[in-house]
1. Using only alpha carbon pairs under 8 Å that are at least six residues apart, calculate the relative contact order of the stretch 20-62 and give it in whole percent.
2. Per residue Cα convex hull volume for the stretch 216-264, in cubic angstrom?
3. Compute the label zone of R92 within the stretch 54-85: residues whose backbone N is under 17 Å from the point 7 Å along Cα-to-Cβ.
4. In whole percent, what relative contact order does the chain give with Cα contacts below 8 Å and a gap of six or more residues?
5. Sort 144-154, 248-258, 52-62, 116-126 by packing, meaning the average of other beta carbons within 10 Å per residue, with the highest value first.
6. Is the C-alpha gyration tensor of the stretch 58-97 telling us rounded, prolate or oblate? Criteria: a/c under 1.5 is rounded; beyond that, a/b larger than b/c is prolate, otherwise oblate.
7. When Rg is the radius of gyration of the Cα atoms in the chain and Rh is its Kirkwood radius, what does Rg/Rh come to?
8. If each Cα of the stretch 1-144 is one equal point scatterer, what is log10 of I(q)/I(0) from the Debye formula at q = 0.21 Å⁻¹?
Amino acid sequence: VSAARAAHDGDGPVVVAHRGACAYAPENTLAAVDKAAELGVDWVENDVQRTKDGALVVLHDDSLRRTTDVEEVFPGRAPWKVRDFTAAEIARLDAGSWFGAAHAGARVPTLEQYVARVELHHQKLLLEIKNPELYPGIERQTLDVLANQGWLDRRHVSGRLVVQSFSADSVRTVHRTRPSVRTGLLGAPAVSELPAYAEFTDQINPSYTALSLGYVSAVQAFTGPHGRPLEVFAWTVDDPAEARRTAGYGVDGIITNRPDTVREATRTE
Ligand code: G3P
Ligand code: CA
């Protein structure tokens, strides 16, 4: 039994709230974490990047433009890249109004604030290091923040934390820096590449569009660095029929903007 399944009630895949429950609250905000908790979803996914003055913040795009009011607050600072703004500047932005008036005033959380909220709800964290090529050293820095928040103690590391990235180099760095931390590689590498990846990643996390029954079982036949079968968490599945199809492939987890819909669609008992 994989680590995810072992820690999970019921037979369906683990459900992960993508960027928080981001169909219902502005993505990657504390409100999206709260929404996931309200829906009874215990895994949340986020995206971590770095500010100009070296703080880690939770945001998906490399620009602040789509999900904040940065254009109004800082006109003339195009293209509004995260790395060109200080943490204090980013803290002034409204990261909720674009989603809906009810969410006006939501902020871009720091990683510390985000992890504290996840802890408050006793949730689990699938943390994505986003665009690591832009932020040298972000892996160690992320692990340092997690350590300071108490998230690298045995309880968290064993069952409540996975650090993932599209960059295999980044995932390898996380593994080498803190070998106890579980890791995930985003994408769908060829099966012939899996022996090399299984040295440092516990999960292979592909787009659901790239999946087949054969691929999922081929991945799960490998053993990861912690002595368990490699897991597969598929993203981003919102449609109930697609969720059922993906669950039917035997994936360990489904990452979704609509965790309530996917949980209902894939419930087996
Ligand atoms: O967790 C998987 C998924 O988040 C990867 O894609 O672009 O939403 O970060 P993206
Ligand atoms: Ca992500």
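Each reported figure results from applying straightforward, stated rules to the coordinates on display, with no laboratory input. On a predicted model such as this, the values are computed, not experimentally measured, just so you know. Glycine also receives a Cβ, built like all others from the backbone with ideal geometry; neighbour counts cover every protein chain displayed.
1. Numbers: 52 pairs, mean separation 13.0, N = 43.
The normalised contact order for the stretch 20-62 reaches 30 percent.
2. Working: hull volume 3.6 nm³, N = 49.
Expressed per residue, the convex hull around the Cα atoms of the stretch 216-264 is 73 Å³.
3. 64-65, 68-85, by backbone N distance to the label point.
4. Answer for the chain is 21 percent.
5. Working: 144-154: 15.5, 248-258: 22.9, 52-62: 19.3, 116-126: 17.6.
Ranking, from highest mean packing down: 248-258, 52-62, 116-126, 144-154.
6. Working: a/c = 1.14, a/b = 1.05, b/c = 1.09.
Judged from the Cα gyration tensor, the stretch 58-97 comes out rounded (a/c under 1.5).
7. Values: Rg = 17.8 Å, Rh = 18.6 Å.
Value, to two decimals: 0.96.
8. Those come out to -1.28, one per q.
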